[in-house]
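Novice: Next up is a structure, given as structure tokens.
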Amino acid sequence: MNPEAKIYVAGHRGLVGSALVRALNRSGHRNLVLRTHAELDLTDQGAVRDFFSRERPQYVLLAAAKVGGILANNTYPAEFIFQNLQIQANVIESAHSSGVDRLLFLGSSCIYPKFAVQPLREDSLLSGVLEPTNRPYAVAKIAGIEMCWAYNRQYGTRYLAAMPTNLYGPGDNYDLQTSHVIPALIRKMHEAKISGQEEVLLWGTGTPRREFLYSEDLADACAFLMELKREAFDFMVASEANAPVVNVGAGEDQTIRELAELIAMVVGFDGVLRFDPTKPDGTPRKLLDVSRLNSLGWKPKTALREGLEITYRDFLESSAAQAAEHSVSAPATF
């Protein structure tokens with residue numbers, strides 16, 4: 001990508017989007033187009049069309065999405081499918097209409113069947129049934145992949161879908177009702193340590209295996225993909241037989257129990273971890289086959305413990321900032 005090219009990062013305030021902005025800035029890209037939700041509602045088709053017509057970005061990184069953990073997906077399935085379908089359909093169609101050169105659509109590893117052969121290859125897409133707890137979200141993301149593929153075949157667009165594994169990092173959502181597993185565990189362990197609790201109760205059996213990728217590494221992978229030479233990029237998006245999908249992951253996994261024990265060490269909680277087997281586990285295992293991306297020359301740089309330590313510091317800083325803001329805004333008492 002030309003350093004002067006106009007690049008639109010959709011969802012730049014989220015975990016992934018904010019990391020993408022930092023990665024692009026490190027690469028020398030300064031002509032970034034950024035809009036908050038208040039400035040541009042991506043579920044509004046007319047507003048999105050007008051935005052693309054006016055700004056004419058050359059490249060688009062579509063990281064905007066409604067996301068959440070197993071509890072949020074179970075509680076708000078309608079919002080997860082409806083809002084994600086709206087966002088990606090509006091952005092992809094407007095990108096085509098305005099002549100965007102390259103688009104990178106961010107999906108999720110939950111697109112793959114619940115019992116697909118591990119590690120999960122890109123060609124296992126649509127080869128079996130999905131995990132019920134996040135099926136609406138997964139179906140929306142699959143629709144986004146199909147839309148990219150359809151536009152590539154019919155219009156000759158150059159849209160690629162990157163499927164990241166489970167993510168974590170600075171700027172994550174630590175709300176216990178809507179967060180993913182790592183930020184939820186960090187908050188639970190921290191609050192248990194501060195309050196002197198002797199145990200922490202966790203969902204499920206602790207036996208499912210999960211892979212985790214530091215958000216800055218994902219952003220680096222996305223920048224790497226967008227910077228590929230034209231021949232390599234076109235090879236990935238031009239196939240009639242295969243969807244334009246590439247997995248992005250760490251290439252190794254651990255059980256939820258092992259993850260919880262590691263987070264307890266990072267946070268400094270030395271109590272008991274107790275699992276509730278009456279709560280859902282989700283997919284038994286989700287490990288991505290990342291050989292396609294590795295063969296292009298990219299590998300992650302951040303080990304899980306190192307990333308967790310950085311993320312915990314971010315949690316402490318964000319918690320302190322929120323406490324300070326609350327104390328300033330709270331009414332005086334006499």
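Novice: Within the set of pairs 6+ apart or on separate chains, which have a first residue in the range 132-152 that is over 23 Å from Gly68 (Cα atoms), a second that is among the hydroxyl-bearing types (Ser, Thr, Tyr) and assigned to a helix (DSSP H, G or I), and C-beta atoms under 7 Å apart?
Specialist: Close Cβ pairs (under 7 Å, with a partner that is among the hydroxyl-bearing types (Ser, Thr, Tyr) and assigned to a helix (DSSP H, G or I)) do not exist here.
Novice: Could you pull out the residue among Leu85, Leu42 that is more than 23 Å from Ser215 (Cβ to Cβ), of a type outside the set (S, T, N, Q) and outside any strand (DSSP E or B)?
Specialist: Every option except Leu85 fails the conditions.
Novice: Something else now. Regarding the range 14-27, can at least one residue be identified that is part of a loop (DSSP other than H, G, I, E, B) and charged (D, E, K, R)?
Specialist: Checked against the condition, which is being part of a loop (DSSP other than H, G, I, E, B) and charged (D, E, K, R), the range 14-27 yields no hits at all.
Novice: Could you please find all residues in the range 271-280 being over 15 Å from Leu130 (Cβ atoms) and in contact (Cβ under 8 Å) with a residue 40 or more places away in the chain?
Specialist: Gly271, Val272, Leu273, Arg274, Phe275, Asp276, Pro277, Lys279 - these are the residues of the range 271-280 that are over 15 Å from Leu130 (Cβ atoms) and in contact (Cβ under 8 Å) with a residue 40 or more places away in the chain.
Novice: Working only within the range 239-250, note down all residues that are of a type outside the set (Val, Ile, Thr) and either out of contact with any Lys or Arg (no Cβ under 8 Å at 6 or more places or on another chain) or in a helix (DSSP H, G or I) (or both).
Specialist: Ser239, Ala241, Asn242, Ala243, Pro244, Gly249, Ala250
Novice: Could you identify the single residue in Tyr151, Tyr159 that is in contact with a strand residue (DSSP E or B) (Cβ under 7 Å, 6 or more places away or on another chain), surrounded by fewer than 21 Cβ atoms within 10 Å (Cβ to Cβ) and hydroxyl-bearing (Ser, Thr, Tyr)?
Specialist: Tyr151
Novice: Mind listing just one residue for me: the one in the range 231-244 that is open to solvent by 50 Å² or more (accessible area, probe 1.4 Å) and of a type outside the set (A, V, I, L, M) and, of those, nearest to Gly69 (Cα to Cα)?
Specialist: That would be Asn242.
Novice: Exactly one condition in (1) farther than 19 Å from Asp281 by Cβ; (2) without any contact (Cβ under 8 Å) to a residue 40 or more places away in the chain is not met by Tyr159; state its number.
Specialist: The single condition Tyr159 does not satisfy is (2).
Novice: Another question, if that's okay. How many residues does the range 174-188 contain that are open to solvent by 30 Å² or more (accessible area, probe 1.4 Å), over 16 Å from Asp276 (Cα atoms) and touching a Gly at 6+ places or on another chain (Cβ under 8 Å)?
Specialist: So the answer is 2.
Novice: Let me ask something else about it. Please specify each residue of the range 259-281 satisfying the condition of being out of contact with any Lys or Arg (no Cβ under 9 Å at 6 or more places or on another chain) and charged (D, E, K, R).
Specialist: Glu261, Arg274, Asp276, Lys279, Asp281
Novice: A further question follows. Please count how many residues of the range 279-306 are in a loop (DSSP other than H, G, I, E, B) and either at pLDDT 95 or above or under 27 Å from Ala23 (Cα atoms) (or both).
Specialist: Total satisfying the criteria: 11.
Novice: Looking for something within 21 Å of the chain's Cα centre (by Cα), on the phi < 0 side of the Ramachandran plot and open to solvent by 30 Å² or more (accessible area, probe 1.4 Å) - is there at least one such residue anywhere in the range 49-59?
Specialist: Scanning the range 49-59, I find no residue that is within 21 Å of the chain's Cα centre (by Cα), on the phi < 0 side of the Ramachandran plot and open to solvent by 30 Å² or more (accessible area, probe 1.4 Å), so the answer is no.
Novice: Here's something else I'd like to know. Go through the range 189-206 residue by residue and tally those that are assigned to a helix (DSSP H, G or I) and surrounded by fewer than 18 Cβ atoms within 10 Å (Cβ to Cβ).
Specialist: Residues in the range 189-206 being assigned to a helix (DSSP H, G or I) and surrounded by fewer than 18 Cβ atoms within 10 Å (Cβ to Cβ): 4 in total.
Novice: In the range 73-97, which residue that is surrounded by 18 or more Cβ atoms within 10 Å (Cβ to Cβ) and of a type in the set (Gly, Ala, Ser) is nearest to Asp175 (Cα to Cα)?
Specialist: Filtering first and then ranking leaves Ala89.
Novice: So the check is Cβ under 6 Å with 6+ separation or different chains; which pairs have a first residue in the range 111-125 that's buried (at least 20 other Cβ atoms within 10 Å of the Cβ) and a second one that's of a type in the set (Lys, Arg) and not in a loop (DSSP other than H, G, I, E, B)?
Specialist: Ile111/Lys141
Novice: Which residue out of Leu259, Leu228, Leu273 is of a type outside the set (Gly, Ala, Ser), under 20 Å from Asn73 (Cβ atoms) and surrounded by 13 or more Cβ atoms within 10 Å (Cβ to Cβ)?
Specialist: When all the criteria are applied, what remains is Leu259.
Novice: Right, another one. Any residue in the range 160-181 that is within 16 Å of Asn134 (Cβ to Cβ) and assigned to a helix (DSSP H, G or I)?
Specialist: Within the range 160-181 (the criterion being within 16 Å of Asn134 (Cβ to Cβ) and assigned to a helix (DSSP H, G or I)), the answer is yes, since at least one residue qualifies.
The values are calculated or read from the model by the stated rules, or taken from the named source; none is laboratory data. In this text, all values refer to a predicted model and were calculated from it rather than measured experimentally. Heads up, the Cβs are rebuilt from the backbone with ideal geometry, glycines too, and the neighbour counts pull from every protein chain shown. Surface areas here come from the heavy atoms of the whole protein model, side chains and all, with no ligands, DNA or RNA. Shrake-Rupley method; radii C 1.70, N 1.55, O 1.52, S 1.80 Å.
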